[in-house]
1. When both residues are 6+ apart or on different chains and their Cβ atoms are under 7 Å apart, which pairs have a first residue that lies in segment 49-63 and is closer than 14 Å to residue 80 by Cβ, and a second that is surrounded by fewer than 16 Cβ atoms within 10 Å (Cβ to Cβ) and of a type in the set (Val, Ile, Thr)?
2. So which of 23, 115 ends up being part of a loop (DSSP other than H, G, I, E, B), of a type in the set (Phe, Trp, Tyr), touching a Lys or Arg at 6+ places or on another chain (Cβ under 9 Å) and surrounded by fewer than 14 Cβ atoms within 10 Å (Cβ to Cβ)?
3. Kindly list, by first and then second residue, each pair from a residue in segment 90-112 that is on the phi > 0 side of the Ramachandran plot and surrounded by fewer than 14 Cβ atoms within 10 Å (Cβ to Cβ) to a residue that is modelled with pLDDT of 90 or more and not in a helix (DSSP H, G or I), limited to pairs with Cβ atoms under 8 Å and residues at least 6 apart or on different chains.
4. Looking only at segment 26-57, how many residues end up being in a loop (DSSP other than H, G, I, E, B) and within 30 Å of residue 105 (Cβ to Cβ)?
5. For segment 48-75, name all the residues that are acidic (Asp, Glu) and within 17 Å of residue 29 (Cα to Cα).
6. Which of the following residues is within 20 Å of the chain's Cα centre (by Cα), more than 28 Å from residue 23 (Cβ to Cβ) and surrounded by 12 or more Cβ atoms within 10 Å (Cβ to Cβ): 84, 77?
Amino acid sequence: MQRTDPSEIDLRGCFRTESDGRYYFRAVCPLGYMIPMDGPVGDMIRAQGRHGYRPAHIHFLIGAPGYRELVTALYISGDNHIESDTVFGVTESLIATVKRNDPASPLSNLLSLRYDFQLAAASRHEFLSGRVGADPSQITKKAG
């Protein structure tokens, strides 16, 4: 959420998996939204003749000892802007379908979404956080 007051709830959570890597959490299914269109970002999007909509999605930051952190999002199939995400974040492999009456769900009477994340093993040469988007100057300092 883009909030101006950092004391407001930011809709984040921290979860641990079961020993086999399984996890479950309950949430409200997200909706798509329009990014702020004021300022230079809005000017650029309008100049390109594009809309400013993001499709419904859930962000994930996943980590485990010995593995690179994964920063990604899952996009909810059927969203009107899934094919035209204004920030080009959607790829086919990240589109997930919400299902009704899924027998594999621990709460089969609720809508569910299943997705299996895979983490890449960290090499011994990688710095402590192998997070995508890390500051390259910090990578160089720690690797050297």
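1. Partner pairs satisfying both residue conditions: 52/35; 54/35; 54/87.
2. Details: 115 fails: touching a Lys or Arg at 6+ places or on another chain (Cβ under 9 Å).
None of the other options fit; the residue is 23.
3. Close Cβ pairs satisfying both conditions: none exist.
4. First, pick out the residues of segment 26-57 that are in a loop (DSSP other than H, G, I, E, B): 26-32, 35-38, 48-52, 55-56.
Still in the list and also within 30 Å of residue 105 (Cβ to Cβ): 26-32, 55-56.
The number of residues fulfilling the criteria is 9.
5. none
6. Working: 77 fails: more than 28 Å from residue 23 (Cβ to Cβ).
84 is the lone residue from the list that is within 20 Å of the chain's Cα centre (by Cα), more than 28 Å from residue 23 (Cβ to Cβ) and surrounded by 12 or more Cβ atoms within 10 Å (Cβ to Cβ).
The values are calculated or read from the model by the stated rules, or taken from the named source; none is laboratory data. Model, not experiment: these values are computed from the prediction. We place every Cβ from the backbone using ideal geometry, glycine too, and count neighbours over all the protein chains shown.
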